[in-house]
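Working notes for the structure below.
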Amino acid sequence: MSLLALENVTLKFGGVTAVNNLSFSVNEGEVFALVGPNGAGKSTVFNMISRFYRPVRGSITFDGQDLLTKKANEVASLGIARTFQNIELFERATVLQNLLVGRHRHRKTMLIEEMLFIGRARAEERAHRLAVEEVIDFLDLQAYRDKMIAGLPYGVRKVVELARALATKPRMLLLDEPASGLSVEETQDMRWWIEDIRRQMGITVLMVEHDMGLVGKVCDRVLALADGAKLAEGTPAEVQSHPAVIEAYLGTSAISKTANAKGERV
Amino acid sequence: MRFHFKTSYDHDIRLFPDWWKFSLYATLVLVMLALPWIFQGVFGGRTAGFYLGEMTNVLIWAVAGLGLMLLTGTTGQVSLGHSAFMALGCFLCVNFLDAGMPFLLAFVLAGIVTGLVGAVIAVPALKLHGVYLSIFTLALAILADDLVVILEHWTGGVNGRMAPDFTLFGASMNRWANPQGWYFLALGTAIAVTLLYRNLLRSPLGRAFAAVRDSEISAQAMGIDVARTKTLAFGLSCAFAGLGGALMGFFAGAFNNETFNFLISIQLLMMIIIGGLGFIHGAFLGAAVIAFLPQALSMATDFMGSASIPGLEVGVFGAILIAFILFEPMGLYGRWLKLRVWLELFPFARRDMFRRQKSYLKTERLR
């Protein structure tokens with residue numbers, strides 16, 4: 001049963017067609033990757049699902065609901081969380097505060113309760129904290145709880161951003177290049193985490209990733225994009241050996257030389 | 001260096017992290033409560049009243065400063081129009097008193113109504129960003145000046161209004177006859193506003209404010225309604241500014257359009273920058289600088305035997321502001337935090353510890 005479905009989605013910026021008549025669907029519980037060369041429209045697809053961009057044609061549905069009728073801030077309350085390509089954390093706050101912001105969609109307290117810190121406020125804070133601690137344990141962030149984001153190294157920020165997305169308790173996670181800029185070990189960790197997110201938490205994952213090694217290991221299905229249009233869709237191996245994909249990445253004359261190069265960085 | 005051994009989530013939720021911090025602030029409050037008697041003992045008579053008045057002035061500036069701090073320091077929206085809301089709070093309060101309300105009700109209601117008006121004005125204003133928002137709010141401040149003159153029936157026009165004598169808990173609140181009463185009124189308001197602010201910071205809305213300040217785009221992705229959050233911040237900020245304005249006008253004894261001209265807004269903004277943007281402490285430290293600097297300058301010029309120099313005050317304010325922006329953007333409180341770390345780590349602190357980290361690239365802004 002498909003959880004997220006895009007049908008004939010087209011987005012234009014001025015004269016440029018960023019996404020052209022794209023259709024695909026992501027099933028509940030699967031890990032789905034979008035790959036493609038720079039400028040293929042992968043992040044644009046994410047930004048349409050997050051409702052930052054509005055497609056000129058087509059429909060996007062999540063769990064049977066029309067996403068295009070929702071505002072950008074309502075997407076989270078449907079259960080879609082995301083990370084960003086160039087880390088968008090709240091810099092002048094601690095890791096803990098960042099993760100607690102992720103709990104915002106579960107806010108039940110009213111302004112007056114919060115200002116006077118009466119009623120549900122304290123109990124709610126404890127509940128938020130408990131949920132956040134589970135994520136901290138899951139991603140091994142204990143050592144960074146009270147550190148300011150502004151002083152953290154890149155690799156840790158990447159994990160904090162994943163943690164913040166998980167703190168929203170999503171049904172679906174959009175990861176925009178989870179392994180970009182990470183070392184080999186960190187990428188390895190990211191791989192285990194993505195697998196655990198799917199297996200233990202039952203969260204559907206849609207990701208954009210250039211590291212074909214990672215994609216090949218964690219993804220069930222892959223969609224290759226070029227110039228905003230679909231090139232190929234299938235298992236990682238199928239997509240990687242698809243002639244149109246190799247052509248888009250390397251050009252036509254390279255096909256014969258690289259036909260067997262599977263599982264490597266493209 | 002103290003270590004916190006946390007054994008429950010409540011350690012991070014409660015207002016004070018440990019007994020040491022609690023006793024520090026408890027002592028501060030006790031000293032502030034005892035200040036009228038301390039001044040009486042040290043200076044005696046009229047001089048004590050004068051110094052108490054100066055302290056009252058600091059606290060009143062701090063209340064208004066906390067308002068702007070909530071908007072600019074915590075939510076990241078600059079306003080140069082807070083003098084307009086201070087004027088609104090003040091004139092509302094005097095008109096509520098005219099209508100026969102007791103002072104406390106009129107005062108609180110003036111704050112609430114100012115906040116509501118602020119929230120309504122915020123709806124169009126907060127669609128603007130950066131310098132455009134500053135200009136919009138500056139226009140508000142200048143407009144308010146004219147409005148006070150035009151609405152003569154309520155405001156007394158250019159002649160302004162005298163602060164009416166009122167009673168609070170049975171005591172007559174005349175600034176000259178009862179400086180202690182005024183001091184406690186300002187102290188009570190400052191403590192109440194600080195507590196409200198602090199409670200916000202430890203609950204979801206306060207974190208949403210900080211989220212909007214640091215990254216609107218990911219705040220949205222986390223399910224925060226950015227427009228609504230900004231509107232709330234503006235409203236709350238205006239409510240605090242309204243309370244500060246009511247106190248300031250009444251404390252001055254008489255007020256007209258000039259009392260709340262746009263220079264007050266700029267002073268308020270300077271104050272929170274000098275104090276430390278984003279820190280509650282910063283509002284108080286900045287208020288102390290703003291309130292005491294004129295006195296300190298006049299003492300200095302007296303000491304040097306010259307008559308008062310026109311324009312000196314503004315010039316020194318400007319110089320101090322420039323110095324802070326250049327050398328200590330985190331303000332007085334930021335400087336104190338660094339000093340504290342230095343002391344705690346002595347002799348192992350290094351110069352580079354406080355060097356600003358390079359920020360990583362932000363996602364291309366989606367607008």
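Amide H contacts of B:Leu168: B:Met173, each under 5 Å away and 5 or more positions distant or on a separate chain (H built 1.01 Å from N in the peptide plane; Pro and chain starts excluded). Over chain B, DSSP H runs of length four or greater, each weighted -39,500 (n - 2.57), average out per residue to a 222 nm ellipticity of -23000 deg cm²/dmol. Residues B:Arg14, A:Arg129, B:Arg350, B:Arg175, arranged from fewest to most other Cβ atoms within 10 angstrom of their Cβ, appear as B:Arg350, B:Arg14, B:Arg175, A:Arg129. Using the Cβ of A:Val239 as centre and a radius below 9 Å, the other residues enclosed give a net charge of -1, where K and R count +1 and D and E count -1. Taking only the Cα atoms of region A:90-167, the ratio Rg/Rh comes out at 1.01, with Rh defined as the Kirkwood radius. Under the definition of Cα pairs under 8 Å and six or more residues apart, what whole-number percent is the relative contact order of region B:18-273? Relative contact order here is 40 percent. Converting the Cα gyration tensor eigenvalues of chain B into ellipsoid dimensions via √(5λ) gives semi-axes, longest first, of 32, 28, 22 Å.
Once you mark the GluC sites (Glu not before Pro) that are in a DSSP loop and have at most 14 other Cβ atoms within 10 Å, what is the longest gap between them in chain B? Segment B:1-257 is the longest.
In order along region A:191-208, the Karplus-derived 3J(HN,Hα) couplings, from 6.51 cos²θ - 1.76 cosθ + 1.60 at θ = phi - 60°, round to 4, 4, 4, 4, 5, 5, 4, 6, 6, 7, 9, x, 8, 6, 10, 10, 9, 9 Hz, and Gly and Pro are given as x. Residue-normalised convex hull volume from the C-alpha trace of chain A: 141 Å³ per residue. Sequence-ordered 3J(HN,Hα) estimates for region B:124-136 from the Karplus curve with 6.51, -1.76 and 1.60 and θ = phi - 60° stand at x, 5, 7, 6, 8, 10, x, 5, 5, 5, 4, 5, 4 Hz, glycine and proline given as x.
Legend: P(r) of region B:1-101 from all alpha carbon pair distances, 10 Å bins from 0, whole percents, reading 12, 22, 28, 29, 9, 1. Only helical runs count toward this figure. For chain A, summing -39,500 (n - 2.57) over DSSP H runs of n ≥ 4 and dividing by all residues gives -10500 deg cm²/dmol at 222 nm. Ordering A:Ala224, A:Gln240, A:Val205 by the projection of their Cα atoms onto the charge dipole of region A:112-266, which places +1 on the Cβ of Lys and Arg and -1 on the Cβ of Asp and Glu, puts A:Val205 at the extreme positive end. Take region A:94-235, drop everything but the C-alpha atoms, weight them equally and run the Debye formula without solvent; then report log10 I(q)/I(0) at 0.15, 0.16 Å⁻¹ to two decimals. So the normalised log intensities work out to -0.82, -0.90. Of all segments of chain B bounded by chymotrypsin sites (Phe, Trp or Tyr not before Pro) found in a DSSP loop with no more than 12 other C-beta atoms within 10 Å, the longest spans B:177-347.
Remark on region B:192-276: hydrodynamic radius 14.9 angstrom, per the Kirkwood mean of 1/r across alpha carbon pairs. Taking a cut-off of 44 Å, what percent of all Cα-Cα pairs in the protein assembly as shown are separated by more than that? Cα-Cα pairs in the protein assembly as shown separated by more than 44 Å: 32 percent. Max-minus-min Cα coordinates of region B:287-347 on each principal axis give 47, 22, 19 Å, with the largest extent listed first.
Evaluated with a Cβ-only charge set (Lys, Arg +1; Asp, Glu -1), the protein assembly as shown carries a dipole of roughly 440 debye about its Cα centre, given to the nearest 20.
Pairs over the 27 Å Cα-Cα cut-off, from the set A:Lys42/A:Lys70; A:Lys147/B:Lys6; A:Lys12/B:Lys127; A:Lys42/B:Lys230; A:Lys158/A:Lys230; A:Lys147/A:Lys169: A:Lys42/B:Lys230; A:Lys158/A:Lys230.
No lab work stands behind these numbers, since they all come straight from the coordinates. Not measured: the values here are computed from a predicted model. Every residue, glycine among them, receives a Cβ derived from its backbone with ideal geometry; neighbour counts consider all protein chains shown.
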